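Participant: First the structure, then my questions, so here it is.
The values are calculated or read from the model by the stated rules, or taken from the named source; none is laboratory data. The model shown is predicted, which means the values in this text are computed figures rather than measured ones. Neighbour counts are summed over all protein chains in view; Cβ atoms, including those assigned to glycine, are modelled from backbone coordinates with ideal geometry. Calculation scope for accessible area: heavy atoms of the full protein, side chains included, ligands and nucleic acids excluded. Shrake-Rupley method; radii C 1.70, N 1.55, O 1.52, S 1.80 Å.
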Amino acid sequence: MKMKLLMTVWLITVPFLYVYSADVDLNGPWASKESYKYWKTGEAEEIDATEVEVGKITYLYLTHSVMINQYANPPIFYPIEGGGWELLSIVKENPQRYILKLRSFKDKNAIGELYVNMMKDFSIYFEEGQMTEAFKREFDIAFLTFGENNTYIKCDVKK
């Protein structure tokens, strides 16, 4: 009986730990979960899907998506609005949290951090990190929503 219980615990725990410890490829477009679901209904005339290549993968980029692209030259983070920022690095803080270090293209002294948090369903949400005042002024016009109630999912890969 003990062995059966141990085997059951092992079968449940090991895959769970593997999934949540694996690195996640954040590169690509990320749409808000609500916009994505609305687009999938086919009724969203105001949401367009265009093809965009990130690395060697072609994604469908939806209107008002967030773009993370380490393969661009220079690497970029584009929010929904407000231009974009140079993506200096992505640091894995823990299995469910990454830190994007960003720098303004307009003002090289405007530097900031953005936290990317993974949810169990592989959606993400953003949180503000440390930022200079100049970066914060730029970032405030980005229309990026923060918190667990504002999740983003990766856009579809073109087949």
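Participant: May I ask you to rank E138, E53 by accessible area, largest first, using a 1.4 Å probe over the protein chains only?
Facilitator: Sorted by accessible area, descending: E53, E138.
Participant: Using only protein heavy atoms and a 1.4 Å probe, report how much of R97 is accessible, in Å² to the nearest 10.
Facilitator: 50 Å²
Participant: Right, here's the next one. Just add up the charged neighbours of V116: K/R +1, D/E -1, any other residue whose Cβ is under 9 Å from the Cβ of V116. Could you put the intermediate results ahead of the total?
Facilitator: Working: positive: R97; negative: E127.
Computed value for this residue: 0.
Participant: Here's another thing I want to ask about it. Using unit Cβ charges (K, R positive; D, E negative) and no other charged atoms, how large, in debye to the nearest 20, is the dipole of the range 56-113 about its Cα centre?
Facilitator: Working: 7 positive and 5 negative charges, 34 e Å.
Roughly 160 debye for the range 56-113.
Participant: Okay, moving on. Compute the length gained on full extension between K120 and E46: take 0.36 nm times their separation in residues and subtract their Cα-Cα distance, giving the result in nm to one decimal.
Facilitator: Numbers: separation 74, 0.36 × 74 = 26.64 nm, distance 2.95 nm.
My answer for the length gained is 23.7 nm.
Participant: Roughly speaking, what is the stretch gain from K56 to A134, that is 0.36 nm per residue apart minus the C-alpha to C-alpha distance, in nm to one decimal? Intermediate values should be presented prior to the final figure.
Facilitator: Values: separation 78, 0.36 × 78 = 28.08 nm, distance 3.43 nm.
That pair, K56 and A134, stretches by 24.7 nm at full extension.
Participant: With a 1.4 Å probe and all protein chains kept in place, how much accessible area does D121 have, in Å² rounded to the nearest 10?
Facilitator: Here the residue's solvent-accessible area equals roughly 90 Å².
Participant: Anything over 28 Å Cα to Cα? Flag those among K33/K158; K40/K92; K92/K120; K101/K154; K40/K108; K33/K108, in the order listed.
Facilitator: Numbers: K33/K158 18 Å; K40/K92 31 Å; K92/K120 17 Å; K101/K154 20 Å; K40/K108 39 Å; K33/K108 32 Å.
Violating the 28 Å limit, Cα to Cα: K40/K92; K40/K108; K33/K108.
Participant: Along the range 139-151, what does the Karplus equation 6.51 cos²θ - 1.76 cosθ + 1.60 (θ = phi - 60°) give for ³J(HN,Hα), rounded to whole Hz, x for Gly and Pro?
Facilitator: 5, 5, 9, 7, 6, 8, 9, 10, x, 4, 7, 10, 8
Participant: Count charges around K40 for me, please; just the other residues with Cβ under 13 Å from its Cβ, Lys/Arg as +1, Asp/Glu as -1. Don't skip to the end; give the middle numbers.
Facilitator: Details: positive: K33, K37; negative: E34, E43, D156.
Charge balance near K40 sits at -1.
Participant: For Y71, what accessible area in Å² do you get when you roll a 1.4 Å probe over the heavy atoms of the protein chains, rounding to the nearest 10?
Facilitator: Ignoring ligands and nucleic acids, Y71 comes out at about 140 Å².
Participant: Only bridges with both residues in the range 20-145 count here: give the DSSP antiparallel percent, nearest 5. Please list the in-between numbers first.
Facilitator: Values: 35 of 35 bridges.
Rounded to the nearest five, the antiparallel share is 100 percent.
Participant: Label the range 83-147 by shape, choosing from rounded, prolate and oblate, from the square roots a ≥ b ≥ c of the eigenvalues of the Cα gyration tensor; if a/c is under 1.5 it is rounded, and otherwise prolate applies when a/b is larger than b/c, oblate when it is not.
Facilitator: On the way: a/c = 2.46, a/b = 1.72, b/c = 1.43.
Since a/c reaches 1.5 and a/b is larger than b/c, the shape of the range 83-147 is classed as prolate.
Participant: Next question, about the same structure. For the range 29-80, what class follows from the C-alpha gyration tensor (a ≥ b ≥ c being the square roots of its eigenvalues): rounded when a/c is under 1.5, otherwise prolate if a/b is larger than b/c, else oblate? Could you put the intermediate results ahead of the total?
Facilitator: On the way: a/c = 2.87, a/b = 2.01, b/c = 1.43.
Prolate shape, in that a/c is at least 1.5 and a/b is the bigger ratio.
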